[in-house]
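Single-structure report; data block below.
Nothing in this text is a laboratory measurement; each read-out follows from the coordinates by a stated rule. These numbers come from a predicted model, not from an experiment. Please note: Cβ atoms are built from the backbone with ideal geometry, for glycine as well, and neighbour counts cover all protein chains shown.
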Amino acid sequence: MTNDAFHISASSTKKGEALIRINGDISGWENSAKTFQQQVDTITGQGTQNARIKINSGGGDVFQANEICNIIDQFTGEVVAEIGAICASAATMIALSADRIEMAKNGKMMIHRPSGRSQGTEDKIAADLKVLRSLQADYLARYAAKTGMSESEISSLWQTDYWMDATEAKAKGFIDVILDREAPKVSASISETTKSNQMNNDQIDVHARVASRVTSILDLSASASADDVSRAINDLKERAEQAAYYKAKFEDLHKEVQEVQISMLVETAIKSGKITANQKDQYTALAKADYDTTASLIDSLQGRKSLSDQIKDTNFQASNQTERGNWTWADWAQKDNDGLQVMMKEDEPTFVKLYEEEYGIKPIIE
């Protein structure tokens, strides 16, 4: 990086917010961490809740950057990060601790994998590697939560130092607003300035309302962090994927059950003589289109009479016979030979009895 002396300070402004300036490489405190902590304690103790962080740093020590984030977290109101010419490496972690990130139009942002040096025993190097991997996981999670990209997408970006101008940083979700400070025009009227300020205020208000709506939908508190929102969104994604999986399984099972129901409906109709085998495909198609209507239609059809019904209709059984109950074989042969043939098939005991009475032997029935 640039090896500029690191300087950090916090002060109150007339707007009632804290102004934090971070300049140079984060590699040693020109003023101490204790001094910065005291400054923030004094400001928050006066009731100041909002803060604006002006960052112009090429990065540096990860742990010092993390401690700066911890101190800034004391502000309970809105924290805005304003990036100047550069925000790189560990400095991006400080920017991501803010609720909103603004960046100068000519500013540059750079992300890369955390790095470090290690020497000593095998165990010492293994321990250092464990810390480095943990820091890398922290970076991945923070970048993914801010941008909405997956951790694998972030990993594909930072194979080496990945630089972005303001336009790309905004497009990828690393920042929220591009600051385009043009030189004021002499002819600009007060009304135009007021209108511009109103538009900026409206933009901030819209952002706040959107953030409030998102936390409400996700059932999170108003003070939820970007990490909380990211975890809630990922949880919803997992639930949605599980729901889609079980929905597909249910639809497959429902389809199988429906096919079995249709098959049973049609086969039963064929066996009962309500439809013919040649009509099977026709009624199967009807049942697939509207099962309930087809079932009602088949139910209304007249099927083939059962054996008991046929016997009743021809008065074969003694309980329903009147005149024919006393008929002999000769009577049946002369008066209802067709009925005699039906009797042979459907009421064999009566047929055999009459035959024996007539001829004295049992008939041979094939």
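Before moving on, here are some points about what is shown:
- Cα centroid separation, the stretch 213-284 to the stretch 112-127 (Å): 51
- Packing-based exposure ordering (other Cβ within 10 Å, fewest first) of Val79, Val210: Val210, Val79
- Rounded to the nearest Hz, the phi-derived 3J(HN,Hα) couplings of the stretch 47-64 under the Karplus curve 6.51 cos²θ - 1.76 cosθ + 1.60 (θ = phi - 60°) are x, 6, 10, 9, 8, 10, 9, 9, 10, 9, 8, x, x, x, 5, 5, 5, 5, where x marks glycine and proline.
- Counted over the stretch 1-120, the DSSP beta bridges are approximately 25% antiparallel.
- Each peptide in 327-334, 165-172 was scored by the mean count of other Cβ atoms within 10 Å over its residues; highest first, the order is 165-172, 327-334.
- Across the stretch 7-181, C-alpha contacts under 8 Å between residues 6 or more apart give a mean separation that, scaled by the residue count, equals a relative contact order of 18 percent.
- Phi-based couplings in Hz for the stretch 102-113 (Karplus 6.51, -1.76, 1.60; Gly and Pro marked x): 10, 9, 4, 4, 9, x, 10, 10, 9, 10, 7, 5
- If the convex hull is drawn through the Cα atoms of the stretch 89-150, its volume per residue in Å³: 94
- Highest-first packing order for the peptide set 211-220, 54-63 is 54-63, 211-220, based on the mean count of other beta carbon atoms within 10 Å.
- Working note: Cα gyration tensor of the stretch 7-181, eigenvalues times five, square-rooted, sorted largest first, giving semi-axes of 27, 21, 14 Å.
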